[in-house]
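Scroll down for the structure; my scribbles are underneath it.
Here, each number is a calculation from the coordinates, and none is a lab measurement. Just so it is clear, the model here is predicted, and its values are computed rather than measured.
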Amino acid sequence: MIAAWLLGVAAETATPAPEIKGADLALVQNVRAIGERCARILSAPAPLSLMALRAPEDVRLAEARRRAERDLPPARAAARGRAWADLGLGTEDDPAAIALALARDLPGLSFDGDRARLLVDPTRLVEDDGTGDPASSHAASLLLATGVAPDEPVVAHYVVHAIRDPAPPAEPLTTDATLARSALAEGEASVAALLFLFEGVGLEAEVLGEKLRPDDVLGGRLVSESIRSDRPIVARLVEWVYLDGFSSVAALVRKTGLSRLPSERASRGTTRDLIHLDRPPAVPVELPPPAALEAAGLALADRDTLGEAGITTWVSMLTGKDNLGMIAGDGWAGDALWRFEGAGGGVSVWETRWVSEEEAKDFAYAAERCLQGRFPGEPIAGTADEPRVLVRTDRVLRLERRGAAVTLRVATPDWDRKLSPPPKKKGATPGAVRPKR
């Protein structure tokens, strides 16, 4: 069934490619010159095949949407969003919104759907940018001080992506893998763009020491606009990608230099590997899907992993305590968020693994605090040694720890009754409880 599901993902159609027009010889030459300078900073070959074209906002948005839907197909995104909503992590639309935010990257520019062409807004990187009076023009003042026009570091950011980023994955990535991959990519692009901007005035050490950050310069041009999204989970995770990613890459460059970043990016595939740079990268525990759910007639719609960054964000958002979030996420060894769907509703199962029982207890405690934060005043049944159960009219939430494993299952009442064993008389795991009318 899983093989058929994966084959079905590849068959989903994405947004069709729009027609792109706008050849500009001066633009092409400018981007090529920026590319050669970025290649020198990175000690890498210049991206000679990268073309630059003028394109308005609607075309850039359509191309970004094509890439986002390729990376996370709409049906998968919607199923993932339903699982997130069951956890209280966000809404059904948020996974797709994050994918689009990462595909759009910085304002004013974008890659096309195939990442072969850089699409530049007609008002960006124009020939007379910076030619005004430095006393009254920020662009002219910046050009006078650094020799760099305001849009050139933004172009440099994209050029670094063209030089360094690996080919898009063949299959949709989990949230954890997407965040880790994107944070390393955006972090390196930001570091290189800031070096591009400030190397002429000898401020490289301030960049690598994080005294100059991408959100502090050029009026925010070097970070995604989605950092200010009115969707809380989108804003938090995009901020993690751009700002925590910058901090992680700057720390790696201080330790190993820019030349070692490709190998670091290849070995650090989880958010845990970026949060704990002092620890060697670890291979997460692989978790098979719960066989009982497929046997009951449910179909697998999505498989996600939230990782340490996702867990930390989830706990801090629902409890309002950032420190509790960091404690809850530390010790992560792997997780899988499964979304199963069938007649009469769906079931979300979140299985987590921890390096020891102590870390599992910390997470289970934080997870219960999250339930209390979501549903204040609603009773949670079960003793400390039993699964904890919160019954609502539309959902039954079951939280259980067994050794170093913690599972949270969220199901409709009908599916909860079908999947739960009958309750024992004394000291047993609670069975399904009918919601009060």
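Distant-in-sequence amide contacts of Gly346, defined by a placed amide H-H separation under 5 Å and a gap of 5 or more residues or a different chain, comprise Thr412. The string of couplings for the range 323-339 from the Karplus curve (6.51, -1.76, 1.60, θ = phi - 60°) is 5, 4, x, 5, 5, 5, x, 5, x, 4, 10, x, 7, 9, 10, 9, 10 Hz, one whole number per residue in order, with x for Gly and Pro.
Axis of helix 357-374 versus longest Cα principal axis of the chain: the two differ by about 90°, to the nearest ten degrees. Expressed per residue, the C-alpha convex hull volume of the range 278-335 stands at 108 Å³. Whole angstrom only: what separates the Cα centroid of the range 326-366 from the Cα centroid of the range 241-258? Centre-to-centre (Cα) distance: 29 Å.
Computed from backbone phi, the HN-Hα couplings of the range 109-124 come to 9, 6, 7, 6, x, 9, 6, 9, 10, 8, 9, 10, 4, x, 8, 9 Hz, rounded to whole numbers (Karplus: 6.51 cos²θ - 1.76 cosθ + 1.60, θ = phi - 60°; Gly and Pro given as x).
For the chain, what is the mean residue ellipticity at 222 nm derived from helices alone (per DSSP H run of n ≥ 4: -39500 (n - 2.57); sum divided by total residues; nearest 500 deg cm²/dmol)?
On the way: 18 runs with 202 residues, N = 437.
Helix-only estimate at 222 nm: -14000 deg cm²/dmol.
Close amide-amide hydrogen proximity is noted between Val126 and no other residue 5 or more places distant or on a separate chain, at a cut-off under 5 Å (H modeled in the peptide plane; Pro and chain starts excluded).
For the range 29-41, putting each phi into the Karplus relation 6.51 cos²θ - 1.76 cosθ + 1.60 with θ = phi - 60° gives couplings of 5, 5, 5, 5, 5, 5, x, 5, 5, 5, 4, 5, 4 Hz, in residue order, rounded to whole numbers and with x for Gly and Pro.
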